[in-house]
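Engineer: Attaching a single structure in structure tokens format; questions to follow.
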Amino acid sequence: MYCIYFLLIVGVKVSAEIGRPRGVSISMASKYEPNDQKIFRCLDGSGTIPYEHLNDDYCDCADGSDEPGTSACTNGKFHCTNAGYTPKNVQSSRVNDGVCDCCDGSDEYEGKIECVNNCKELGKKMREEQDEKRRLQEEGFKKREGFIAEANNMMEGKKLKIQELEKEKTELQDKLKELEAKKAEAEGPEKEAKDKHEQAWKEQKEVRDKERSAIKAREAFDELDLNKDGFVDVLEIIPHMEFDIDSNGVVSEEEAKEHLEDNEKVDFDEFSSRIWGNIQSIYKKLVPDDQKEVPPPPVEPQGETGVPAPTEEPQKSKLESATSSETQELLPTSEDLFPPEVQEDAVDEDKMPEYDEETKALIAAADEARKNHEEADKRSRDIDGEITTLTSYLNTDYGKDKEYAILRDNCYEYTDREYTYKLCPFATASQRPKAGGHETNLGRWGRWENDYKVQVYDHGQNCWNGPDRSVKVHLTCGPEHQLTNAYEPSRCEYAFDFITPCACNQPPQPQDKDPHDEL
Amino acid sequence: MAATTIRLSYYLCCLLLIVQVHSVNRDNFKTCDQSGFCKRHRSMQPGNSPYIVLMDSLKISSSQISVQLLNTKTNVRLVLDLYGLQGNTARVKINELEPLKPRYEIPVGDVLIGEPKQQDLKVLDKGAGSITLGLEDNKIVVSYSPFRIDFIAGEEPVVSINAQGLLKFEHFRKKPEAQPEEQAPANPIEGEEKKEEEGEKKEEEKKPDNEEEPGLWEETYKSFHDPKPNGPASVGIDVSFPGFENVYGIPEHAESMALKTTKDTDPYRLFNLDVFEYELYNPMALYGSVPVMWAHNEKSTVGIYWNNAAETWIDIRSTTADKNFFSKIADLVKGNTEMAQMDTHWFSESGVVDIFVMLGPRPKDVFKQYAALTGSTELPPLFAIAYHQCRWNYNDQDDVKNVDANMDSFDIPYDVIWLDIEHTNGKRYFTWDAHKFPSSKDMINGVAVKGRKMVTIVDPHLKRDDNYNVYTDAKNRDMMVKGGGGEEYEGWCWPGSSSWPDFINPEVRNWWASKFQYSEYGGSTPDLYIWNDMNEPSVFNGPEITFHKDVQHYGGTENRDVHNLYGFYVQKATAEGILMRSNNEQRPFVLTRAFFAGSQRFGAVWTGDNMGEWSHLKVSNPMLLTLNLAGITFSGADVGGFFRNPDHELQTRWYQAGSFQPFFRAHAHIDTKRREPFLLPEENMKIVREAIRKRYTYLPFWYTLFYHGFRSGETVMSPLWVTYPEDKSTFEMDDEYLLGSSLLVKPITEQGSVGTSVYFPGKDESYAGSQNTYVNAPLDKIPVFQRGGSIVPRKMRVRRSSSLMASDPFTLIICLDKQGEASGDFFKNNILQSSNADPSGKGSTKEWVEKLIIVGYPKLPQVSISQLMAIHSLYITAMIVTAEC
């Protein structure tokens, strides 16, 4: 499947040209001057051809340099002099294709089309336009200089403000330390007093709990000790179904014995010291058969009243009730479920007594210290916020010379047939229907593109079945800041045209005018 | 364009509908089970045809026999007409002997280009059980009881009709009195309940001579009621291809080229529909229908054209031939080896059985035979086979101007820029949005100075607006299709409430054609051409997104009878309008989405709303091959894919593939990102530009291909078996194809692929014959190969548009075969004018041959100066130049 390409050269067309060959610019003319051997060397050095093969409408050179005046080489260039206007190099494929590409008509010498030489008119118009543009640019550029100065002032102002704030912050740091120390100073005794008070209460409570537990152990012992022999034995355990470890419905001797820590029987001392602790959580008072409660019916979720079944209430421990009362504020419905009087009974018993006056005073002093510290701390954080905002403002890229800073905090609108578009530079872009309706976010400030000629606003409101909306703002030099056009080249990808003096560069000096004019 | 997206925006408030957006909604389209006649035909069992031939009624004339068929169960009589036609073709027509009223037949001259030329039939044998007729070298055996017809080409049975006994012809009948009235449910009940009810009904009504079955007198699909005023009228019959393992054709389906057995699926359906985000590789109906099928094996190629425009389903089974039977009717089938056979079963909702049997015997013969019936693809104007730049939508004149300028500044050639529906004043076709396109002529002329054209979309739905003169004109002339009750039919499409001109009516077509006169279509110029979309037709709120079946057309026909022809007529009328506006001087160009057999005569077809996904790039090849096989050679798929955003690699590969497909247009949905080729990253842009430029260099070759297609009905994009009919390994190959017989194309359709295995057919040509070879194909390479022994004409001076290259010189690429020879030809005429397609005339041109590139030459050619000079002066005077090496 190898292929060998042979080219049969099939045409010789000698063009009789005076001076340089057709399609060659003056600056290149020397390369096309005939030498003694009448040999032309391709400009890329890739080969040589006889002079008469120049512009013979057959492509010889790889770089197309032998056919500057025909369409034979696909990569060739044809030079139009365009006297009176700007010279131009066009692709060789535009030579003699029936379309006038050069204003002097030199690209259409075969006569497929009659091209009118309008270079003079174009040149005149171009110069007028250039003058106008230059005028605009000069005016704009002056304004731009002003904007830059203004921006620098503003920036300086912001920098100063930052300095001020930083100074305040430094001062505040010392004050904060001081206040923190005061706070710590006040909180130490406060804590000590509170701890003391609470510790005392805790001890008191423990004693009480112990007493209660002993009473309960006694009660249980007495209840268990059915034959009142001063011992609880295996047989006395067996009737208590709560000791049925394997849940087979029967309390075996082994199971009973296990609850008695492998004793056949225990006296009260042993019971209260070794046994009760293990069984008090499961132990239930034995109820005589005839008084046995019918097991409560399962609580049906669609209960008519929404009030919990009465059987649930005794199961709630007092502690849980207390917890409930603490969360009462968060759960207003709990008030309905647990009427207040029930709670108060429950709470009172375990409630810690109020702090004594001395402790109260210490707490008040600590509160004061905390408040002072908090205030200073807040101010410090506010300062941080302000500095961040200012820094972000200062760190935003407003162009090479900060020339666009002036646009910040301003908004500009453009209205077409259907919508009013709004651009708030360095912030947002949006649109709203002219007929009224809510505003659509087209994007938030994103970045510069294309050497400060384009601003991108992105991550706007998502399009149904499409991307997030975004806007490209094309900035060009103009006399005022003005949004001049808004369009949607692709669904939900918008483009704005914005003219502003900020985009006016220094106009070229007049002596640079028309450097390439050829005659 | 998609039907459903905008429809959704009308009903945006309904969240449920939004959910449907991301894939085809199968619920919108009927399955066979939901179609009464499909179910009735499909449930038939092979064997035991009740039909017998009544020999007493036999009438024989020189090229025709006519005989009655009797249904021994119902006693209903049919009449069979069998015609011999020129070019190894026969026609089998079955109609009712005495129908209550005429059954619909497509007017001759519309799909059939004329009354087919007849060919003598010789009675070879007239026995007690059958009659044998001779048609050129073929034999046709008509067996009496049961009725069947067998076609024997040379010594081989190739086509059998009613061999399975599936002929079912629902004769027109009077609606049973009272009963159906009573039974017509006030509230149509769907699903099981209804079935049960009908089951009971069936039990009660069972009569020996009545085929009373469900869905005969009315049907309900979703919320749509079909009153079926004519009752059951479907027709169906089986066609077998003994000795064949592969059948092809019956577009349009998103399917492989070799058709699949439908044992475990629905039958292939032909019913022109606007399917939103269609699924690949299934038998669901799409936008167009061509009921033509080919069977091909090493020995012969045959096929049938089913001349019926109603909804049609086709079942396909792969079986073995009944050698017992064939040994009786012909002294052939010998030996014990099994003979393969393809059984197909065709059924249409109304009309008649009208089968054209084309007996080949070679692929190029059947294409010619089919072209003799329905015509060939008109030679497109040159610009139409160049590159087209389309998008829904170029927003305004500035947008068009900018795209045009960018294409030039990136040096990417293009010929046509297209405007979709948004260019109009509120979707009123033949108008312009005055704000976006205030001076359309200036815009068109702006591109036309560079030899370019524009295309605007003109859809058949007319906005019901009394201030819209196209609508009021049609309304005042009573030209709209009517609803079942005789009122002007109203449905929803792009403009909202719409009505549709009745294109079935020739007067309406003339009226429509007149709308393209420059005086009528304001803002148009000779450089503006037309695109018909939504012409299935698409009706957003209609059953299956189209017309109700009882919509009334011209001549007392229902849409049921002519559905698949509507889009065909829209394009026909449009093409006639474009021809008329130039006083018949310039060849028209009209793109259509809906089509039927014969649509090839009016312009190009594209594969509708595809997706920007690799799978859709891949399926474009089999879909276009099948369209080519069905005569629609000028066809393409939206480059890049219509929906979704293809990545850069996919776009690049798609451009490469599209540049070697017949109709080459990039298109994109309005919700996609802009993707004109100059927006691609530089690397991809350069590759895409190269692919487009390559297309331009090959335009003389393409033009010649289309010329041959026009003359002979040949495919332009061809399966390998068309040129290598005996190479069995090519029979199912649809990822690789030939252009003419000279270029072998294997587009890359896999993501990340950097190479592919290419099958090189043909043992006698210079590249490695009949084997697979791995070929590197990095992103910048399209695997395309020129056949040894061929000469391909090209023009290497690519300019901004094809017409700017009109007088440029040719370069001939000469690939020698093993004998060191090559031959080729090319065709040249006026690239636009219509009268110049005749090759007998001579003309002159400024073009010349600037370069011969000889590939595969064993040593440096000895070419003398005189030869060089001779070639230089080779100005072409003949229209066809045959070059040989």
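Engineer: With respect to B:ASP780, determine if the residue is over 29 Å from the mean Cα position of the chain (by Cα), of a type outside the set (Gly, Ala, Ser) and at pLDDT below 95.
Structural biologist: Spelling it out, it is not the case that B:ASP780 is over 29 Å from the mean Cα position of the chain (by Cα), of a type outside the set (Gly, Ala, Ser) and at pLDDT below 95.
Engineer: Would you mind stating whether A:GLN509 is modelled with pLDDT under 95 and more than 14 Å from chain B (Cβ to nearest Cβ)?
Structural biologist: yes
Per-residue answers, yes or no, for (1) in contact (Cβ under 8 Å) with a residue 60 or more places away in the chain; (2) closer than 22 Å to B:GLY598 by Cα; (3) within 29 Å of the chain's Cα centre (by Cα):
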position: B:ALA90; (1), (2), (3): yes, yes, yes
position: B:LYS93; (1), (2), (3): yes, yes, yes
position: B:LYS101; (1), (2), (3): yes, no, no
position: B:VAL108; (1), (2), (3): no, yes, yes
position: B:ILE113; (1), (2), (3): yes, yes, yes
position: B:LYS122; (1), (2), (3): no, no, no
position: B:LYS126; (1), (2), (3): no, no, no
position: B:ILE140; (1), (2), (3): no, no, no
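Engineer: Quickly run through segment A:43-89 and pick out the residues that are of a type in the set (Asp, Glu) and closer than 20 Å to B:PRO809 by Cβ.
Structural biologist: Hits for segment A:43-89 are A:GLU52, A:ASP56, A:ASP57, A:ASP60, A:ASP66, A:GLU67.
Engineer: Assuming B:GLU690 fulfils every condition listed in (1) over 28 Å from B:SER801 (Cβ atoms); (2) modelled with pLDDT of 95 or more apart from one, which condition is it?
Structural biologist: It is condition (1) that B:GLU690 fails.
Engineer: Please pick out the residue among A:ALA62, A:ALA29, A:ALA72 that is at negative phi and more than 57 Å from the chain's Cα centre (by Cα).
Structural biologist: Only one candidate passes the filter, namely A:ALA29.
Engineer: Taking the options B:LEU591, B:LEU627, name whichever one is buried (at least 24 other Cβ atoms within 10 Å of the Cβ), in contact with a Pro (Cβ under 7 Å, 6 or more places away or on another chain) and not polar (S, T, N, Q).
Structural biologist: Exactly one residue qualifies, and that residue is B:LEU627.
Engineer: I've got another one for you. Keeping to segment B:810-832, report how many residues are within 29 Å of B:GLY446 (Cβ to Cβ) and within 10 Å of another protein chain (Cβ to nearest Cβ).
Structural biologist: Residues meeting the conditions: 0.
Engineer: Next question. Restricting to segment B:649-706, what's the tally of residues that are assigned to a helix (DSSP H, G or I), within 14 Å of chain A (Cβ to nearest Cβ) and either basic (Lys, Arg) or within 24 Å of A:GLU493 (Cα to Cα) (or both)?
Structural biologist: Qualifying residue count, segment B:649-706: 6.
Engineer: Does A:GLY466 qualify as being surrounded by fewer than 18 Cβ atoms within 10 Å (Cβ to Cβ), in contact with a Lys or Arg (Cβ under 6 Å, 6 or more places away or on another chain) and assigned to a loop (DSSP other than H, G, I, E, B)?
Structural biologist: yes
Engineer: Oh, and also: Whether any residue in segment A:481-500 is surrounded by fewer than 15 Cβ atoms within 10 Å (Cβ to Cβ) and away from chain B (no Cβ under 14 Å) is what I want to check.
Structural biologist: Yes, segment A:481-500 has at least one match.
Engineer: Take the residues in segment A:58-95 that are surrounded by fewer than 19 Cβ atoms within 10 Å (Cβ to Cβ) and farther than 29 Å from A:LYS125 by Cβ, then tell me which one is farthest from the other protein chains (Cβ to nearest Cβ).
Structural biologist: A:ASP63
Engineer: If you don't mind, another one. Can you name the number of the only condition in (1) part of a loop (DSSP other than H, G, I, E, B); (2) modelled with pLDDT of 90 or more; (3) within 13 Å of another protein chain (Cβ to nearest Cβ) that B:VAL758 fails?
Structural biologist: Only one criterion is unmet by B:VAL758, namely (1).
Engineer: What number of residues within segment B:405-432 satisfy the criterion of being under 32 Å from the mean Cα position of the chain (by Cα), surrounded by fewer than 21 Cβ atoms within 10 Å (Cβ to Cβ) and closer than 27 Å to A:SER92 by Cα?
Structural biologist: Counting residues in segment B:405-432 that are under 32 Å from the mean Cα position of the chain (by Cα), surrounded by fewer than 21 Cβ atoms within 10 Å (Cβ to Cβ) and closer than 27 Å to A:SER92 by Cα gives 0.
Engineer: Can I ask one more? Over 25 Å from the mean Cα position of the chain (by Cα) and free of Cβ contacts under 8 Å to residues at least 12 places away in the same chain: which single residue out of A:PRO489, A:PRO501 fits that description?
Structural biologist: Exactly one residue qualifies, and that residue is A:PRO489.
The values are calculated or read from the model by the stated rules, or taken from the named source; none is laboratory data. Treat the numbers as computed from the prediction; the structure is a model and nothing was measured. Cβ: placed from backbone, ideal geometry, glycine included. Neighbour counts: every protein chain shown.
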